Amino acid sequence: MAKFELKLPKMGESVAEATITNWLKKVGESIEMDEAVLEIATDKVDSEVPSEVSGTLIEILFNVDDVVQVGQTIAIIETEGGSVSEPVLAPIHSNEPVAAQKIEEQISTVKTDLNFTPDFSDSDKFFSPLVKNIASAEGISVEELNKINGTGKEGRITKNDILDYVANRSSAQSSVGSVQNAVSSKPITEEVKPATNNQQSTTPKAVPVSVNGGDEIVEMDRMRKLISGYMVASVQTSAHVQSFIEVDVTNMFKWRDKVKNAFEKREGEKLTFTPLFMEVVAKALKDFPMMNISVDGDYIIKKKNINLGMAAALPNGNLIVPVIKNADQLNLVGMAKAVNDLANRARIGKLKPDDTQGGTYTVTNVGTFGSVFGTPIINQPQVGILALGAIRKVPAVIETPEGDFIGIRQKMFLSHSYDHRVVDGALGGSFVKRVAEYLEAWDINREI
């Protein structure tokens, strides 16, 4: 018998660590080669770690929620014959700019400031996550929780116990929870009227969220917590400003309708609108390279490659942004294949960690959900994001040598959010205008 060390595999050039989210095998269970042993998560993608050998799992070295570095041994598998594998740590790569690391630090600070994980360690009692959430929302201190008589197993406090306590708690008891505002998991700003008679005005104060017996408390999943942190950090980092433009995409719409069936028959791929937009955006970024940048303190990093992020909605309602690498070097067939591959793998949860790394500019299609336009938040450390609105039939003035007339056209809005720290209105507006010009000049007779 020999022992094999299962290591956290390399998951991409810019991925150095992952969090263990679930062990699919228990100690003592048999494992087949290529069978998934555990599930892991990076900051963007969930994936499985398969076994490289067949054998029996005899030791698990990390628990759920532990953060593991690439190359670290995470489990021991006993195999038939052979020798014990020596632990050789794989090199940790990180091609992310320093700015990305700063964003991560800001996210950590944001989470701390907003008290995403209230501290109940002062009590010897066990409190379930649901009870902790209700206590946090209602501003109930640990001292108060300790006084509640639990009706659950071994005297544990149940959901009904704490909800009954909330309903029956007298107003006099509210002074006991001096840390109510500090532990409120979702503070709400209460408007304070301006002071009069030379009184000093006060700052807005946080009011704890009220929970009654009819409300349901659902904890955010891991990805939603990460997205929440990213969004707050992005708004705090970049000075967001938007430009909007309406585009006549009638020629592009008609062209796609004319060629899509032949394209699918020939290439085995559906031709959606997304690769058409991505091709145009990549072309516009070549015209305006200062939109293909990131910021690191007082320095601007001009990106050599054009890597387009493609925001995609997941079945659970969360959002992920896989990246089309070197998008400007792809023809339309290659772009369609890349778009379809990433979209399909995103839907079934098969994206690799490196599929979401290295983006230099992002496109999001809010029109998929019927929105006419939107004001998207920048995907840090990028400086711009383009929202594609719904394509609609609208009456429009058509100019011809014989005069103007009213006709039915296919139109949409483009919404461009950009970082006003480094992108002025002239550049941000000119870029989205160039995208519109390329779309409106689409060749109705184009061949693929």
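The values are calculated or read from the model by the stated rules, or taken from the named source; none is laboratory data. Nothing here was measured: the structure is a model prediction, and the numbers come from that model. Note: ideal-geometry Cβ built from the backbone for every residue, glycine included; neighbour counts use all protein chains shown.
No other residue among V259, V281 is assigned to a helix (DSSP H, G or I), among the β-branched types (V, I, T) and under 19 Å from D341 (Cβ atoms) apart from V281.
Rundown of residues vs (1) of a type outside the set (F, W, Y); (2) closer than 19 Å to P376 by Cα, yes/no style:
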| position | (1), (2) |
| --- | --- |
| Y299 | no, no |
| K304 | yes, no |
| A311 | yes, yes |
| D341 | yes, no |
| N344 | yes, no |
| G349 | yes, no |
| P353 | yes, no |
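Considered as a group, the residues in segment 417-435 that are among the basic types (K, R) and in a helix (DSSP H, G or I) include one that is farthest from E246 (Cα to Cα), and that residue is R434.
The residues listed here are V372, V366, V333; of these, the one that is under 26 Å from I448 (Cα atoms) and outside the structural domain of V218 (by TED's automatic domain parsing) is V333. Strands (runs of 3 or more DSSP E) fully within segment 304-410 that include at least 2 residues being of a type outside the set (G, A, S) and over 24 Å from G268 (Cβ atoms): 361-364, 384-388, 392-400. Residues in segment 344-371 that are among the aliphatic types (A, V, I, L, M) and buried (at least 17 other Cβ atoms within 10 Å of the Cβ): A346, L351, V363, V366. The set of residues in segment 400-442 that are among the polar types (S, T, N, Q), crowded, with 18+ Cβ neighbours inside 10 Å and more than 17 Å from F273 (Cα to Cα) contains only S417.
Would you confirm whether or not segment 274-282 contains a residue that is out of contact with any Leu (no Cβ under 6 Å at 6 or more places or on another chain), exposed (fewer than 15 other Cβ atoms within 10 Å of the Cβ) and either over 28 Å from V423 (Cα atoms) or assigned by TED's automatic domain parsing to the domain that holds L427 (or both)? No, that holds for no residue. When segment 137-159 is examined, which residues are found to be modelled with pLDDT of 75 or more and in a helix (DSSP H, G or I)? Result: E138, V142, E143, E144, L145, N146, K147. Evaluation of S171 against the conditions (1) in contact with a strand residue (DSSP E or B) (Cβ under 7 Å, 6 or more places away or on another chain); (2) at pLDDT below 75 shows that the sole unmet condition is (1). Taken over segment 24-53, the criterion of being of a type in the set (D, E, K, R) and either within 27 Å of N318 (Cα to Cα) or not assigned by TED's automatic domain parsing to the domain that holds L8 (or both) is satisfied by E39, D43, K44, D46, E48.
Would you please name the residue that is farthest from the chain's Cα centre (by Cα), looking only at residues in segment 233-254 that are part of a helix (DSSP H, G or I) and surrounded by fewer than 18 Cβ atoms within 10 Å (Cβ to Cβ)? The qualifying residue farthest from the chain's Cα centre (by Cα) is K254.
For first residues located in segment 421-448 and of a type in the set (S, T, Y), partners that are surrounded by fewer than 16 Cβ atoms within 10 Å (Cβ to Cβ) and lie 6+ apart or on another chain with Cβ distances below 8 Å form the pairs Y438/K283.
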